[in-house]
1. Quick one: ranking B:E293, B:E146 by accessible area, 1.4 Å probe, largest first, what do you get?
2. Quick one: buried accessible area between B and A, total over both chains, 1.4 angstrom probe, nearest 100 Å²?
3. Under the rule a/c < 1.5 gives rounded, and otherwise a/b versus b/c splits prolate from oblate, where does region B:131-225 land using the Cα gyration tensor?
4. Classify region B:359-403 as rounded, prolate or oblate from the Cα gyration tensor: take a ≥ b ≥ c as the square roots of its eigenvalues, call it rounded if a/c is under 1.5, otherwise prolate when a/b beats b/c and oblate if not.
5. Got the relative contact order for chain A handy, in percent, Cα pairs under 8 Å and 6 or more residues apart?
6. Given the -39500 (n - 2.57) contribution per DSSP H run of 4+ residues, what per-residue ellipticity at 222 nm results for chain A, rounded to the nearest 500 deg cm²/dmol?
7. Run the numbers for A:K16 and A:L36: contour at 0.36 nm per residue of separation, minus the present Cα-Cα distance, in nm.
8. Between region A:50-76 and region B:437-498, how many Å separate their Cα centres?
Amino acid sequence: MSSSSSSSSSPPCPKKMITLKSSDGETFEIEEIAALQSKTLENMIDENCASTPIPLPNVKGKILAKVVEFCTKHAEAGADAETLRAWDAEFVGVEHAIVFDYILAANFLEIPTLLDLACESVAEMIKGKTPDEIRKFFNINNAFSPEEEEDVRRQNQWAFE
Amino acid sequence: MRGHDRINGCLPDELMVEIFSRLDLKSSHDACSLVCKRWLGLERLTRTTLRVGASGTSDRFFKLLSRRFTGVRNVHIDERLSLTPRARHVSCRIRRRFLGRRRHNDQFADAALLFLRSHDETERSNVADVVESYSLSDDGLAVLGEGFPNLEKLSLIWCSNISSVGLRSVAERCVSLKSLDLQGCYVGDQGLVAVGECCKQLEELNLRFCEGLTDRGLVKLTVGCGRSLKSLGIAACAKITDASLEAVSSHCQYLETLSLDSEFMHDTGLLAVAKGCHFLKVLKLHCVNVTDETLRIVGRCCLSLEELALHSFQRFTDVGLHSVGNGCKSLKSLTLTDCNVLTDDGLEIVATGCKQLTHLEVNGCHGIGTVGLESVGKSCPNLTELALLYCQRIGTRALLEIGRGCKFLQALHLVDCSSIGDDAIISIAKGCKILRRLHIRRCYEIGDRAIVAIGRHCKSLTDLSIRFCDRVGDRALIAIGKGCNLTDLNVSGCHQIGDRGIIAIARGCPQLRSLDVSVLQRLGDITMAKLGEGCPLLRDMIISHCRHITDAGLSHLVRNCSMLETFHMVYCHGITSAGVATVVSGCPNIKKVLVEKSKVSERTQRRAGSVISYLCVDL
């Protein structure tokens, strides 16, 4: 997570770095191997558009930093499944508003592992709760009338899976 | 942070759907549908399977459903399910009139149809009234087809009001159909012809009790869907004969599974299939007119065969099994039911020839005895499941050999094997350490010593059923309680077992989910209390015929076991309507209670409501 000046030419070096620019102007460097986890970035690298900083207008600096961290961690060689799982659990153990931002970023950048992890963690927040509890948790307003609610309950009951 | 609905503000529809698709339980889906209107609409997109009973098959209902559940790919319509109380009452009368013993649903449905054709006009119109007002019609099928054009699987079970017209309208609109299951429907050939014309991706077809279908329809279907069809099942369809099988052999080159239950099929048809369908993996035959000749060709041509099930073959001999043993080297599963002409020789050839055998079931084959099973023990080291039902001639030595040779055995079922004694089970216990499921019924020679050995050696055992073995007592259960972490236990009819034994289980098996202690006359309330303390995960309980259990015992049990779903307590003289009320009110997840009608008070009847599928069965 460093703010460095962009360099247009890449001198031969062991690790090829890509520069990403967030919506609020911050720049971040990421190893090419890590960047390949994003299909969007992979396409750009293939088409040789990755020599200049890549602007990502949909992703804020705060979130992009974490995404870079995620991709770097997951690109590490020799990481065993257990440790990675534990690291992932900590990664999404944050305020749920931030997890929504992860989902949006993972969707935009097409990072399937991050999308899966973040969506799964929101699903966990929903599992086991009653509708009322879900509404309280996410601050959602209930827009159903009692008749409409009864209608939905009946449909759920008839068409059982 | 009050007032900020970030989830609805931030996430677009497709990402909400991503989240919903990761919810596995129906209860979570149901909860989401009630959160807000947006979630309702999106959640409906993620539902892929609809199961509908008789009370929900009106056209209006399907229109509604198709508008809301636009992601649906599988629709199951089973008109035997969820009848209203009135219809249930009528159908119970039908059941009692036509059925002697308890049977499974198919028989009951047959009886219902028989009843409809009976002569008693007034009764008949009563029933017809009820049945038809809830029946799916051809128009309903058309609405279904229009509403779910991406339908992949369709099951129509005992939909007595539909015909080819309806099936044609579904076929024309749902061209991606992959699986079709028709049971007890009066559909004619035109319906199958339409499916053959329109549904070129059909992989699975199952026909049962479809009396209107003849060879014409099925042949046309095989011409149309031959390239995609992988699985075919035909049972009790009197007008489908060898001609259809010949068509299958010419057109369905990629067929993998064939299941036939018919007296109208002969060697001609089956030989054709064996020769023509080279990829056949699963073959299940219940055809009394088929002979060794078929098995001979199966052994020569069906070299990829993995599963073979032969039912009620009187015209088979060991010669047939000989061919199978020599030819079908990939065979993993063999089931022989009521094949009385087979002897140990036949089984021995299969055992020595098919080393990959993992599942073996021998049911009522009186010619098979100890020697045949010994050779299985010696030659099939990969055996994981063994079922010996009604095999009086199989003795202890057979299981000694199995215990020595089959180290990977996980499941053992023994029913009515009166020659098997303690030593056999002890050998299994010592040899098959990863045994998970042991079911023994009416094996009168088995006693405490055998079960104690199981408790000592089989630490992975989770499912134990010892029914009507009157030499098994408390000592056995104490050993099981110490050694095994059971989830399912059935000791019905083992008269010697009393409070001590079950209390040991209550102490030792905290994961217990299902318990059947029916007919145990010595059990009292103290056992119920201990079960309540020790087994909070109990889901299914059967205490029928336990005369000494009273309402007090029930309330102790229900206090802690809040996850109970089913409860059978008939012929329990100590239980009154208060006890029944306690169970109904104390268990929020209760789905079924079996008890005498006289013990259900009006208040309990009211409380049960529409949430429980049915509460009382009138005995």
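1. B:E146, B:E293
2. 3700 Å²
3. oblate
4. Cα axes put region B:359-403 in the oblate bin.
5. Rounded, it is 19 percent for chain A.
6. Calculated from helices alone, the mean residue ellipticity at 222 nm is -16500 deg cm²/dmol.
7. Gain on stretching A:K16 to A:L36: 6.0 nm.
8. That distance is 60 Å.
The values are calculated or read from the model by the stated rules, or taken from the named source; none is laboratory data. Source: prediction; values computed, not measured. Please note: Cβ atoms are built from the backbone with ideal geometry, for glycine as well, and neighbour counts cover all protein chains shown. To get the accessible areas, we keep the full protein, side chains included, count just its heavy atoms, and leave off ligands, DNA and RNA. Shrake-Rupley method; radii C 1.70, N 1.55, O 1.52, S 1.80 Å.
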